[in-house]
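Working notes for the structure below.
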Amino acid sequence: QRTYSILWFQLDLFDFDPINMRAGVGILIADETRRGKGFAKQALQLAIEYSFKQLRLNQLFCDITSDNDKSLKLFEALGFVRSGLKKKWRNIEGNWVDEHFLQLVNA
């Protein structure tokens with residue numbers, strides 16, 4: 001018998017700011033067997049296109065912990081640029097982890 005997770009994938013736009021024309025973007029692939037297959041990249045590309053063309057945003061931003069190399073590579077591959085570093089920003093199981101702030105400005 002096979003069981004399926006109903007929510008294995010999530011992409012959201014948050015902190016939508018229509019005055020300053022920006023929003024945060026986050027993505028999660030909860031099912032590890034579905035990671036590394038291009039789902040995140042394709043979904044993020046669609047979110048970027050929707051945000052810039054339909055919502056007419058000036059920029060998207062995200063926060064990624066310094067130990068999350070795969071997410072950093074994904075976002076940077078799609079044009080996001082590291083523009084800030086928050087030192088010891090998150091306490092993860094008693095360990096302080098830095099967090100990068102990345103932005104993608106609509107050209």
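The values are calculated or read from the model by the stated rules, or taken from the named source; none is laboratory data. A quick note: this is a predicted structure, and the numbers were derived from the prediction, not measured. A quick note on method: Cβ atoms are made from the backbone with ideal geometry, for glycine too, and the neighbour counts reach across all protein chains shown. Just the protein is used for accessible areas: all its heavy atoms, side chains included, with ligands, DNA and RNA removed. Shrake-Rupley method; radii C 1.70, N 1.55, O 1.52, S 1.80 Å.
What FRET efficiency comes out for the pair SER83/LEU13, r = Cβ-Cβ distance, R0 = 22 Å, nearest 0.05?
Taking R0 as 22 Å, the efficiency between SER83 and LEU13 is 0.70.
Might you tell me the accessible area per residue for the chain, computed with a 1.4 Å probe and given in Å²?
71 Å²
With a/c under 1.5 counting as rounded, go ahead and sort region 41-107 into rounded, prolate or oblate using the C-alpha gyration tensor (a ≥ b ≥ c being the square roots of the eigenvalues; past the cut-off, prolate if a/b is larger than b/c, else oblate).
prolate
If you plug each phi of region 98-107 into the Karplus form 6.51 cos²θ - 1.76 cosθ + 1.60 with θ = phi - 60°, what whole-Hz ³J(HN,Hα) values come out, in order, with x for Gly and Pro?
Rounded to whole hertz, the list is 6, 9, 8, 9, 10, 9, 10, 9, 5, 6.
What residues qualify as long-range amide H neighbours of ASN58, i.e. H under 5 Å apart, gap of 5 or more or another chain, H built at 1.01 Å from N?
Under 5 Å from the amide H of ASN58: ARG22.
Report the local net charge at ILE29: Lys and Arg +1, Asp and Glu -1, summed over other residues whose C-beta lies under 14 Å from its C-beta.
Counting the neighbours of ILE29, the net charge comes to +2.
Got a sec to turn the phi values of region 12-18 into Karplus ³J(HN,Hα) couplings, 6.51 cos²θ - 1.76 cosθ + 1.60 with θ = phi - 60°, whole Hz, x for Gly and Pro?
Whole-Hz 3J(HN,Hα) from phi for region 12-18: 9, 9, 9, 6, 4, 10, x.
For the pair ARG34 and GLN103, what calculated FRET efficiency results from E = 1/(1 + (r/R0)^6), where r is the Cβ-Cβ distance and R0 = 35 Å, to the nearest 0.05?
About 0.80, to the nearest 0.05.
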